[in-house]
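The values are calculated or read from the model by the stated rules, or taken from the named source; none is laboratory data. Because the structure is a prediction, the values reported are computed rather than measured. Here the Cβ positions follow ideal geometry from the backbone for every residue, glycine too, while neighbour counts run over all protein chains shown. Quick note on the areas: whole protein, heavy atoms, side chains included, nothing else; ligands and nucleic acids left out. Shrake-Rupley method; radii C 1.70, N 1.55, O 1.52, S 1.80 Å.
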Amino acid sequence: MFLPSSTLYVGVTKASLLSSGNPVQSYADLLADNAIAALASQGTLGFGVDLLKAVKDAAEGGDESCRAFWEQAIEGPEMGRGGKEGREDRIAEEWKMIREGQDVFWRYSTQIFSALMHFSLAGGFSSPNLSAVLRETGYLTSSSRDATYKRLLETTLFVIDAMKDLTPETGRGWQSALRVRLLHAQVRHKILHGKGREKTYDVAINGVPINQADLALVLGSFMIAPIWSMKRTGLFISEREQKAYQAVWTHIGFFLGLSPSVIDHCYSSSSPFSSSEVAFASLAFTAFPLSTPVYTPSTTTSTYKILLSGIKMGKEVGVDVKWRWKLLLGELVAVVVTGVALVGVGTVVVVRAAMDRI
């Protein structure tokens, strides 16, 4: 059961959101879910359907669920809160921060894409809750390498679009974010109606598929994790740049279906950036089990330890390092594959930029 968006999570505190018995795992995105349910009842769901266009057409045709979704999406996040006095100035300042955040992305796009690939995506997809959804959809688990590569490119294009124009209805970034939101709702609809690939998803264990806690974690992995990665490589990111980058992603988060209440609790723009870092770290820690899976082979566990500590330290602490040459070969292959992937991403960026100029 989902809460109406107009009363979403009023009683949710940051402590309850970050607790292991997370109540927000029971809630997803009512407006998007109702819109997808309406399309399903009309028989307009299917492979290759432009969900955003389908919802817009249904809204114009008088469907109440699709109309409610469309109106909220066009209205955008509640900007300039604090009364009518000075509202226009506050909204102008918020949009200024959003544009600055987009500039921050393009200024550090190489480092950010590297962080997204090796930190955000690789780490996030290891979360039991998220991987349970991935198994049901085949996302990144397809036997076809081309399909997996296509998924990564789709994520790359979404980020590129989001960092260009977020103007409601006409902006490419706005449209991309709404399509992702509706795709999430379609995935929820399929899984909850027993139409997943493996049909093993357990709501009692993992919560509603792609729930508010999952969305908050994913948003942080796109917003906070790249900043951490850049700092660790020695880059200086000013406080203004951090807040601006946060501003653009919280704006995107709203269009992705994250409740404004949850955004304020975790990533409030009125709080220091460090407060958002703490919230994301707490979400990340609660997303992973405290112990390794019992079925993990001992050789695999040793491999992880060596990768984390290095062969020399591994020897000193008594870790079996007989697999070190395989590890070195694996690292070499990983470097080559990463290089090829980054060249592919760079090509997509250049082609998209050239198309925009035509």
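Miscellaneous remarks
- Where a residue in region 45-59 is in contact (Cβ under 8 Å) with a residue 12 or more places away in the chain and its partner, wherever it lies, is surrounded by 14 or more Cβ atoms within 10 Å (Cβ to Cβ) and among the polar types (S, T, N, Q), with Cβ under 6 Å and at least six apart: Ala54/Thr44
- Any hit, region 307-322, residues being surrounded by 18 or more Cβ atoms within 10 Å (Cβ to Cβ), at pLDDT below 75 and in a helix (DSSP H, G or I): yes
- Close pairs from region 76-101: first at pLDDT 75 or above, partner among the hydroxyl-bearing types (Ser, Thr, Tyr), Cβ under 7 Å, at least 6 apart: Gly101/Tyr245
- Test result for Ser261, touching a residue at least 40 places away in the same chain (Cβ under 8 Å), touching a helix residue (DSSP H, G or I) at 6+ places or on another chain (Cβ under 8 Å) and open to solvent by 10 Å² or more (accessible area, probe 1.4 Å): no
- From the options Ala115, Ala132, residue that is assigned to a helix (DSSP H, G or I), aliphatic (A, V, I, L, M), in contact with a Ser or Thr (Cβ under 7 Å, 6 or more places away or on another chain) and at negative phi: Ala115
- Residue tally, condition open to solvent by 30 Å² or more (accessible area, probe 1.4 Å) and closer than 14 Å to Val218 by Cα, over region 92-117: 1
- Of all the residues in region 45-60, those that are open to solvent by less than 70 Å² (accessible area, probe 1.4 Å) and part of a loop (DSSP other than H, G, I, E, B) number 4.
For every residue, the table says whether it meets (1) modelled with pLDDT under 95; (2) under 21 Å from Met117 (Cβ atoms); (3) open to solvent by less than 30 Å² (accessible area, probe 1.4 Å); (4) of a type outside the set (Asp, Glu).
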{"residue": "Met163", "(1), (2), (3), (4)": "no, yes, yes, yes"}
{"residue": "Thr167", "(1), (2), (3), (4)": "yes, no, no, yes"}
{"residue": "Thr200", "(1), (2), (3), (4)": "yes, no, no, yes"}
{"residue": "Gln212", "(1), (2), (3), (4)": "yes, no, yes, yes"}
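- Of the listed requirements (1) open to solvent by less than 10 Å² (accessible area, probe 1.4 Å); (2) at pLDDT below 90; (3) within 16 Å of Ser120 (Cβ to Cβ); (4) not hydroxyl-bearing (Ser, Thr, Tyr), Phe288 misses just one: (1).
- Those residues of region 223-245 which are farther than 14 Å from Glu100 by Cα and open to solvent by 10 Å² or more (accessible area, probe 1.4 Å), in sequence order: Trp228, Ser229, Lys231, Arg232, Thr233, Gly234, Leu235, Phe236
- Test: residue in region 5-27 that is of a type in the set (Lys, Arg), touching a His at 6+ places or on another chain (Cβ under 9 Å), surrounded by 14 or more Cβ atoms within 10 Å (Cβ to Cβ) and at pLDDT below 85: yes
- Number of the condition not met by Gly253 [criteria: (1) free of Cβ contacts under 8 Å to residues at least 40 places away in the same chain; (2) assigned to a helix (DSSP H, G or I); (3) open to solvent by 10 Å² or more (accessible area, probe 1.4 Å)]: (3)
- Which listed residue, of Gly194, Gly173, Gly220, Gly207, is of a type in the set (Gly, Ala, Ser), out of contact with any helix residue (DSSP H, G or I) (no Cβ under 6 Å at 6 or more places or on another chain) and open to solvent by less than 70 Å² (accessible area, probe 1.4 Å): Gly194
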